[in-house]
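Participant: If you scroll down you'll find the structure; I have some questions about it.
The values are calculated or read from the model by the stated rules, or taken from the named source; none is laboratory data. The structure presented is a predicted model; accordingly, all values stated were derived computationally and were not measured. Cβ sites come from the backbone with ideal geometry, for glycine too, and all protein chains shown count toward neighbours. Only protein heavy atoms, including side chains, enter the accessible area calculation; ligands, DNA and RNA are left aside. Shrake-Rupley method; radii C 1.70, N 1.55, O 1.52, S 1.80 Å.
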Amino acid sequence: MIRTGFDARLEHVAAYLVAASTVSRAYPRLRPLRLAITMIAYAAVLEIGQRLVPGRHAGLLDWLASSSGVIVAVLIMMLLARAGWFTGRQM
């Protein structure tokens with residue numbers, strides 16, 4: 001497994017922040033609450049699924065870190081949209 005050297009929970013936050021931001025931009029019509037619920041549930045499924053993999057373990061704190069990354073991303077994307085950063089123009 002490749003690690004960055006940062007705390008594992010910080011990696012969870014960063015990974016889900018990037019993922020939720022990307023999904024938000026890719027599907028602009030997806031409501032923020034639905035995006036957050038879906039990605040938080042996805043994080044839970046991945047954590048629970050780790051119980052089935054030898055050498056891995058599910059962690060409540062890992063799930064909370066992932067969930068916080070999703071929430072922060074959704075809030076940032078909502079603020080940027082409200083500020084007019086996303087006007088439908090393609091980069």
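Participant: Mind listing just one residue for me: the one in the range 1-30 that is exposed (fewer than 10 other Cβ atoms within 10 Å of the Cβ) and farther than 16 Å from residue 65 by Cβ and, of those, modelled with the highest pLDDT?
Facilitator: If we take residues in the range 1-30 being exposed (fewer than 10 other Cβ atoms within 10 Å of the Cβ) and farther than 16 Å from residue 65 by Cβ, then 26 is modelled with the highest pLDDT.
Participant: Taking residue 78 and the conditions (1) open to solvent by less than 60 Å² (accessible area, probe 1.4 Å); (2) in contact with a Pro (Cβ under 9 Å, 6 or more places away or on another chain), which numbered condition does it fall short on, given that it satisfies the others?
Facilitator: That leaves (1) as the condition not met.
Participant: Looking at the range 36-89 only, could you name the residues that are in contact with a helix residue (DSSP H, G or I) (Cβ under 7 Å, 6 or more places away or on another chain) and either over 22 Å from residue 10 (Cβ atoms) or not aliphatic (A, V, I, L, M) (or both)?
Facilitator: Correct list: 47, 56, 57, 59, 62, 63, 66, 67, 68, 69, 78, 86.
Participant: Looking at the range 43-60, can you tell me whether even one residue there is of a type in the set (Gly, Ala, Ser), assigned to a helix (DSSP H, G or I) and surrounded by 12 or more Cβ atoms within 10 Å (Cβ to Cβ)? I'd like the intermediate steps shown before the answer.
Facilitator: Kept after step one, since they are of a type in the set (Gly, Ala, Ser), are these residues of the range 43-60: 43-44, 49, 55, 58-59.
Filter again for assigned to a helix (DSSP H, G or I), leaving 43-44, 49.
Checking the rest, the ones that are also surrounded by 12 or more Cβ atoms within 10 Å (Cβ to Cβ) come to 43-44.
Yes: one or more hits.
Participant: Looking at the range 25-39, can you tell me whether even one residue there is over 16 Å from the mean Cα position of the chain (by Cα) and among the hydrophobic types (A, V, I, L, M, F, W, C)?
Facilitator: No, the conditions are met nowhere in the range 25-39.
Participant: Of all residues in the range 4-63 being in contact with an Asp or Glu (Cβ under 6 Å, 6 or more places away or on another chain) and of a type in the set (A, V, I, L, M, F, W, C), which is nearest to residue 86 (Cα to Cα)?
Facilitator: It comes out as 63.
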